[in-house]
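The values are calculated or read from the model by the stated rules, or taken from the named source; none is laboratory data. Since the structure is predicted, the reported quantities are computational estimates derived from the model, not experimental observations. Cβ sites come from the backbone with ideal geometry, for glycine too, and all protein chains shown count toward neighbours. When the accessible area is computed, the model is the full protein with side chains, heavy atoms only, and any ligands, DNA or RNA have been set aside. Shrake-Rupley method; radii C 1.70, N 1.55, O 1.52, S 1.80 Å.
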Amino acid sequence: MAQNKVQYQHGFSLDEFYQKFGTEQQCEEELERTRWPEGFKCPQCGSKSYGVIHDKRRKRYQCKSCRHQASLTAGTIFESTKLALRTWFQAIYMISQAKTGISALSLKRYLGVSYPTSWKIRHKLMHAMKQRDDRYLLSGIVQMDDAYLGGELNGGKAGRGSENKVPFVAAVQFDSENHPLRIKMNQVKGFTSKAILDWAQGHIILGSTVITDGLACFNAVTDAGCKHIAKVVGGLKPKDLPLFQWLNTILGNVKTGLSGTYHAFKFGKYGNRYMGEIAYRFNRRFHLQSLHQRLLVASVACAPCPERLLRSAEDCC
Ligand SMILES: [Zn+2]
């Protein structure tokens, strides 16, 4: 049997990781390279002339033009952290190399930190992944479906009309050979025309073609400037159509991954963040070897997110 090229690609081995990022100094140098690839640049005035101040924790940069002081972590998702950068790098390594993610509980054990700390690390990195992935919109041929997650863990009916479940939109962009390129999954308030219009305007490029199973609210994508093709075949459930095979496979993997790795979490509150992580990982599935570096870039590019915001539902709609 042919090997699956996603499953069998080379990753970033533990040995390689420790050779490159085993010490605090190595992590500091890598963070500096990632943040300022062409050397330090003052965030206040743009000057490249600076001096270095070493305090107890980590070095700071002082601009020689405007005297502004900047730290390596200020303005990034790592801002105000008391943890060693090595711990963050290890978390990024584990999260980026694990096929279906890693729970905060496992992370706590591997990193040797408390559960509240591992929860914060986990959610900050998920937030960074979601922020990064939100920069890209779907275009071309997009297949879209309604889905529900969360309630099945407590029993209850499946699919539309079920209780205690969180509705979300799942969409896949295909290439010309019908292979999936990118996915997006986001919670919606419900399957209404207004919710679908809002979602399409924020996530699909104008002029794309959207294929659905014909649920009435999906017509709203035309108001967002997209072409809508409703595939409804009498006698067959829309989900059984070969056309929807990829979407069904992806949704099946999402459900298995979430229930296997995370067991229980407040889906209504944090579902968007978890699905953002799954989409981030899927959309970069051919780049396992560089995923650590990519997640570091995403973390540096992500504005600080204090715990108060992390625990609010701001990612969730
Ligand atoms: Zn300056």
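General observations
- Counting heavy atoms of the protein chains alone, residue 142 has an accessible area of about 0 Å² for a 1.4 Å probe.
- Within the chain, antiparallel bridges make up roughly 75 percent of the DSSP beta bridges whose residues both belong there.
- Area of residue 54 that stays accessible when all protein chains are in place (1.4 Å probe, Å², to 10): 140
- Cut-off 17 Å, label 7 Å out along Cα→Cβ of residue 193, residues of the range 208-231 by amide N: 214-230
- Heavy atoms of residue 218: accessible area, 1.4 Å probe, square angstrom to 10: 0
- A simple spin-label model places the labels of residue 20 and residue 179 2.4 nm from each other, with each point 7 Å out along Cα-to-Cβ.
- For the chain, the solvent-accessible area of protein heavy atoms averages 51 Å² per residue (probe radius 1.4 Å; ligands and nucleic acids excluded).
- List 61, 18, 148, 50, ordered by accessible area with a 1.4 Å probe, largest first: 18, 50, 148, 61
- Subset of 99/120; 82/130; 41/269 violating a 26 Å alpha-carbon distance limit: 41/269
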